[in-house]
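Participant: Below are the structure tokens for one structure; questions will follow.
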Amino acid sequence: MIRILMLLTILAAPAQACRQALILALDVSSSVSQREYELQRDGLAGALLDPQIKDLIIGGTGNEVAIFVFEWGDYNYQRVLLNWTLITGEAALQGAATTVASTQRSGPTRATGIGGAMGFAQARFAEMRGCTVHTLDISGDGKNNSGERPEFMRGALADRGVTINGLVVATRDIAEMSAYYQSAVIIGPAAFVETAAGFEDYGRAMKRKLLRELLPGFAAR
């Protein structure tokens, strides 16, 4: 009964308005070591505070950006690191970055469930229907091997106006992984794949990706 009442409250609540609803999904499958997890987590937090990124988010562009961060592994494992946060100024952005940077890993998962991450993100976007642009970023270093295939899941998000971008983390097989994300993961008129040459390059790749997708008019290109 309590869960039903909570669901009815969420459905009855007005959708929050913003310029862009941005979900960032981080891979924590078993192929990601503790050190790589920290590089991914800290790389995202650092990118959010980069002066160029900060200017795009809060630099007088009008309505705010709302940010949501979660980690994913098995098809049924998704853990929220940062719930929806409307970035109304520098303090809110600093708080969001600090929350992400202070998160500790809960434990490795065995498989890679990209489709499960997409399904989780779809439900979260429903909480922010008032936002003009909806963007999902999926970072990963492997192909889906758990649960629904991403090829079957991404269409439902595209039907709701969501653009899915990818950030591939790889070294030897970076071309193969980029091609996989191109064919199976990303979707939308302006969708793209960014690449990181290993987790040591994750922060720089995240900055490049955010610079591109936070530009006004991104989803229309």
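The values are calculated or read from the model by the stated rules, or taken from the named source; none is laboratory data. These numbers come from a predicted model, not from an experiment. For neighbour counting, all protein chains shown are included, and Cβ atoms are generated from backbone atoms with ideal geometry for every residue, glycine included. With ligands, DNA and RNA removed, areas are computed over all heavy atoms of the protein, side chains included. Shrake-Rupley method; radii C 1.70, N 1.55, O 1.52, S 1.80 Å.
Participant: For residues in the range 198-220 being hydrophobic (A, V, I, L, M, F, W, C) and not in a helix (DSSP H, G or I), which is farthest from Ser29 (Cα to Cα)?
Facilitator: Step one: filter the range 198-220 for residues hydrophobic (A, V, I, L, M, F, W, C), giving 199, 205-206, 210-211, 214-215, 218-220.
Right, trim to not in a helix (DSSP H, G or I) and you get 214-215.
Details: Leu214: 27, Leu215: 31 Å.
Within the range 198-220, the match that is farthest from Ser29 (Cα to Cα) is Leu215.
Participant: Please enumerate the residues belonging to the range 133-175 that are surrounded by fewer than 21 Cβ atoms within 10 Å (Cβ to Cβ) and among the hydroxyl-bearing types (Ser, Thr, Tyr).
Facilitator: Ser146, Thr171
Participant: Please count how many residues of the range 66-111 are modelled with pLDDT of 95 or more, within 14 Å of Asp27 (Cβ to Cβ) and of a type in the set (S, T, N, Q).
Facilitator: Of the residues in the range 66-111, 1 are modelled with pLDDT of 95 or more, within 14 Å of Asp27 (Cβ to Cβ) and of a type in the set (S, T, N, Q).
Participant: Are there any pairs, at least 6 apart or on different chains, whose C-beta atoms fall under 8 Å, with the first in the range 111-132 and open to solvent by 30 Å² or more (accessible area, probe 1.4 Å) and the second of a type in the set (Val, Ile, Thr) and assigned to a helix (DSSP H, G or I), and if so, which?
Facilitator: Listed pairs, sorted by first residue: Glu127/Ile10.
Participant: Being open to solvent by less than 30 Å² (accessible area, probe 1.4 Å), free of Cβ contacts under 8 Å to residues at least 24 places away in the same chain, over 21 Å from Ala66 (Cβ atoms) and not acidic (Asp, Glu) is the requirement here; does Ser178 meet it? So that I can check it myself, show each step before the final result.
Facilitator: On the way: open to solvent by less than 30 Å² (accessible area, probe 1.4 Å): yes; free of Cβ contacts under 8 Å to residues at least 24 places away in the same chain: yes; over 21 Å from Ala66 (Cβ atoms): yes; not acidic (Asp, Glu): yes.
Taking the combined requirement at face value, the residue satisfies it.
Participant: Sticking with this structure for a sec: Can you name the condition, by its number, that Thr99 falls short on among (1) under 18 Å from the mean Cα position of the chain (by Cα); (2) among the hydroxyl-bearing types (Ser, Thr, Tyr); (3) not in a helix (DSSP H, G or I)?
Facilitator: Looking at each condition in turn, Thr99 falls short on (3).
Participant: List, please: which pairs have Cβ atoms under 6 Å, are six or more places apart or on different chains, and start with a residue in the range 155-166 that is in contact (Cβ under 8 Å) with a residue 40 or more places away in the chain and end with one that is open to solvent by less than 10 Å² (accessible area, probe 1.4 Å) and hydroxyl-bearing (Ser, Thr, Tyr)?
Facilitator: Correct list of pairs: Thr163/Thr135.
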